[in-house]
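One structure is given here, and the rest of the page talks about it.
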C-alpha cells in the first residue's frame with residue numbers, strides 16, 4: 001500500500017541542503033527550458049490562471065509560533081510515548097455518493113459547485129477584497145491566516161521523466177517532516193521542497209500511502225514550524241483557505257461536502273498537497289492528486305497515516321466489507337453492496353439494509369461511520385444496529401483488511 005521512491009544522489013558531500021545541492025535549475029533560473037518542462041509548468045498553473053474566486057495579496061510573512069499536535073504522536077517512533085495500536089491504525093470502508101468522479105483513484109462523489117462569494121466575518125467576500133476596513137474584513141482575515149501558516153507550507157516539485165509536477169505540502173513536525181500528496185510524487189526521480197524564504201531543498205521520500213493519498217518527505221532543517229492539525233470533522237460551508245505559492249496570496253473558498261473518505265472543496269488555489277486551512281489557521285484537510293483538485297484528505301486521517309508512515313513505513317486500512325450511501329433524511333446509512341465472502345456477508349448484511357448505530361454509537365452519516373471504523377484493526381468485532389423492511393435487528397460482524 002505504499003511505495004518508496006529514490007532518485008540519484010545529487011549531493012556530493014552527502015549533506016542535503018540549499019547551500020550544496022545543485023539539481024537541474026528551476027525554470028525561473030534559466031533563459032531556456034525544455035518543451036516538456038514548459039508543458040508541465042503550464043498545466044500546474046492552469047488552476048491559478050482560470051481561478052474565478054477572489055484572492056487577497058499578502059506581504060512578507062512573519063512566520064508562526066504554532067505547533068502541530070502530530071509532534072506528540074510522532075514520539076512513538078522514538079519510544080518516548082506509547083500509544084495504543086488503535087490510535088495509530090486507520091480503517092477504510094468504501095463509501096460512494098450517487099456518482100463516482102471520473103479519473104479519481106479514491107471513491108468520491110461529485111456535487112454541483114457552490115458559489116463561495118458569501119458572507120465572511122460580517123462582509124461579502126467580493127466586496128471586502130481590497131477594501132480597508134476593520135478587524136472583520138475578508139482582507140484582514142486572509143492576512144491573519146497567512147501569517148499563521150505561510151511559513152509551514154512549502155512548495156513541492158516532483159521531477160519525473162515526463163517533466164516537473166507542481167504542488168504543495170505542509171510541515172507536520174518541527175524537524176523537517178513534510179506531508180504531501182502521494183500521487184504528486186509517485187514515480188518521481190527526486191523531490192524538491194521550496195521553503196518560504198526561497199531556499200530549495202532536496203527532500204528524502206520516507207513513504208507513501210495510495211489509499212489516503214498521503215506521503216511523507218523530509219528535509220534536513222528544523223527552521224520551519226509544524227502546522228496545527230484539526231481533530232474535528234470539517235463541515236459543509238466551512239471556509240477553506242489555500243496558499244498560492246506563485247502569487248503569494250491566500251485564496252478564499254469553501255468546503256462543499258464532507259463524505260467518506262474525502263472532503264470536497266471549491267478552492268481555486270488548490271494543487272495536490274495543498275493545505276486546506278480554516279479561519280483560525282488550523283489545517284482541516286490536504287488536497288489529493290485525483291486530477292480534480294476538488295477533493296481532500298481530512299486532517300485527522302492525514303495525522304494517523306503520517307504517524308504510521310514515519311514510525312514504520314506503512315499503514316493498515318480496515319473495512320467493514322461493505323459500501324454505503326448517505327440517506328437523505330440523515331441519521332443512518334444505506335448498505336449499497338456487500339463484499340462477497342466477507343464477514344459482513346456471513347453475518348447477514350444485505351444491500352438495502354439501513355445502519356443507524358456502530359458499537360452502540362449513533363451513525364449520523366457515512367463520514368461519521370467511516371471515522372469510527374478507523375479506530376479498529378482487522379479482526380476486531382463490530383456490532384451494528386440494522387433496519388430491514390421496518391424490522392430492527394443487531395448484526396455482529398468483524399473488520400477486515402481493506403481489499404486491494
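The length gained on full extension between residue 199 and residue 247, counted as 0.36 nm times the residue separation minus their Cα-Cα distance, comes to 15.6 nm. Taking all C-alpha pairs of the stretch 318-401, those more than 21 Å from each other amount to 15 percent.
When each of the peptides 387-396, 235-244, 211-220 is scored by the mean number of other C-beta atoms lying within 10 Å of its residues, the order from highest to lowest reads 211-220, 235-244, 387-396. Please label the shape of the stretch 221-358 as rounded, prolate or oblate, based on the square roots a ≥ b ≥ c of the eigenvalues of the alpha-carbon gyration tensor (a/c under 1.5 means rounded; beyond that, a/b larger than b/c means prolate, else oblate). Verdict is prolate for the stretch 221-358. With semi-axes defined as the square roots of five times the eigenvalues of the C-alpha gyration tensor, the equivalent ellipsoid of the stretch 162-224 measures 18, 14, 9 Å, largest first. For residue 232 and residue 162, a Förster radius of 45 Å and the Cβ-Cβ distance give a FRET efficiency of 0.70, rounded to the nearest 0.05. Round to a whole angstrom and tell me the spacing of the C-alpha centers of the stretch 230-253 and the stretch 323-354. Centre-to-centre distance over Cα atoms comes out at 33 Å. Given R0 = 35 Å, the distance between the Cβ atoms of residue 175 and residue 144 translates into a calculated FRET efficiency of 0.85. By other beta-carbon atoms within 10 Å, ranking 148, 282 with the fewest at the front produces 282, 148.
Looking at the square roots a ≥ b ≥ c of the eigenvalues of the Cα gyration tensor of the stretch 230-299, which shape do they give, rounded for a/c under 1.5, prolate if a/b is larger than b/c, or oblate? Cα axes put the stretch 230-299 in the oblate bin. Ranked by the mean number of other Cβ atoms within 10 Å of their residues, highest first, the peptides 327-335, 302-310, 348-356, 286-294 come out as 302-310, 286-294, 348-356, 327-335. Taking packing as the residue-averaged number of other Cβ atoms within 10 angstrom, the listed peptides 337-344, 270-277 run from highest to lowest as 270-277, 337-344.
Every read-out reported here was derived from the displayed coordinates using simple, explicitly stated rules and does not represent laboratory data. Predicted, not measured: the structure shown is a model, and the values here were computed from it. Please note: Cβ atoms are built from the backbone with ideal geometry, for glycine as well, and neighbour counts cover all protein chains shown.
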